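Here is the structure we will look at.
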Amino acid sequence: GEGAVEFYDGLAADNSRAFWEDHLPLYRTDVRAPMEALLAELQPEFGREFGEGKVFRPYRDVRFARDKSPYKTHCGAVIEQGRGGGAYYVEISSAGLRAGGGCFHLESDQLARFRQAVDTEIHGGALEGILRRLRRSGWQLAGDVLKTKPRGVPDGHPRLDLLKHRSLYAVRGWEPDDTLHERACLDRVRKAWRQLREFNEWARDHVGVSEKPRR
């Protein structure tokens with residue numbers, strides 16, 4: 001809620017261990033606990049097909065990053081079977097609330113299955129319809145997109161734009177407002193995730209979990 005926005009405003013200005021340790025009680029009560037409670041409430045409806053949800057750790061992986069600031073300036077949570085095959089995502093930060101879903105990252109075997117499905121009239125056409133409905137409801141589509149067409153795809157392919165995607169997901173956000181620390185926040189996320197259900201089920205059925213061993 002309000003405390004979470006203040007906490008992340010402060011962390012953005014001073015991303016240090018000293019700030020973190022000074023404000024750890026605030027993080028636990030106003031960020032972590034409400035996010036865990038939100039996830040627990042939504043788990044029965046969205047977790048049946050996708051498994052246990054999790055709140056992401058607050059520490060950044062800085063091993064290969066130019067930016068060495070130690071802490072994430074948002075708190076995210078997700079319900080997913082495995083990265084890529086559909087996801088129900090929620091995030092709180094000083095910018096407010098965000099929700100998202102779809103294929104956030106595709107391993108090579110998942111990408112092959114994604115393109116295979118998009119290539120077919122029936123499954124590719126179904127995805128086009130799903131994405132059109134999401135856009136109409138206020139969602140933005142994003143992802144990693146090739147500049148050129150994938151090898152072997154003809155120039156005039158009716159779904160060429162979709163086939164260029166190496167990841168594909170939908171996101172929407174709400175600026176900080178009074179609903180952040182009320183029941184209405186839960187209702188907002190539930191409604192958003194229900195709108196994502198078709199997309200996530202398409203991803204589950206046609207992309208699925210990667211068969212590559214996890215590093």
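Here are some notes:
- Label point 7 Å beyond Cα of A13 along Cβ direction - residues of the stretch 51-86 with amide nitrogen under 20 Å: 69-75
- Between L11, L38, A112, the Cα set farthest toward the positive side of the dipole of the chain (charges on each charged residue's Cβ, about the Cα centre) is that of A112.
- Volume per residue of the convex hull around the Cα atoms, evaluated for the stretch 1-79, comes out as 94 Å³.
- About the Cα centre, charge dipole magnitude for the chain (Lys/Arg +1, Asp/Glu -1 at Cβ), debye: 880 debye
- The stretch 3-207, accessible surface, carbon-and-sulfur percent (1.4 angstrom probe): 48 percent
- Rg in Å to one decimal, and Dmax rounded to a whole Å, for the stretch 151-204 via C-alpha atoms: 17.1, 51
- Solvent exposure of the stretch 3-207 as accessible area per residue, Å², 1.4 Å probe: 53 Å²
- Local net charge near D161, Cβ-Cβ under 14 Å (Lys/Arg +1, Asp/Glu -1): +4
- Reachable lysines from K54, criterion Cα separation under 27 angstrom, eight or more residues apart if same chain: K68, K72, K191, K212
- Efficiency of FRET between A112 and R63 - r from beta-carbon atoms, R0 41 angstrom, step 0.05: 0.90
- Here the stretch 86-150 is treated as a sphere whose radius is the Kirkwood value from Cα pairs; by Stokes-Einstein at 25 °C and 0.890 mPa s it diffuses with a coefficient of 178 µm²/s.
- Helix content alone sets the calculated 222 nm mean residue ellipticity of the chain: runs of n ≥ 4 DSSP H residues at -39500 (n - 2.57) each, divided across all residues, give -13500 deg cm²/dmol.
- A straight line joining the Cα centroids of the stretch 66-138 and the stretch 20-36 runs 27 Å.
- Here the Kirkwood formula puts the hydrodynamic radius of the stretch 115-215 at 15.6 Å, using every distinct Cα pair.
The values are calculated or read from the model by the stated rules, or taken from the named source; none is laboratory data. Predicted model, so just to flag it, every value in this text is computed and none were measured. Heads up, the Cβs are rebuilt from the backbone with ideal geometry, glycines too, and the neighbour counts pull from every protein chain shown. Only protein heavy atoms, including side chains, enter the accessible area calculation; ligands, DNA and RNA are left aside. Shrake-Rupley method; radii C 1.70, N 1.55, O 1.52, S 1.80 Å.
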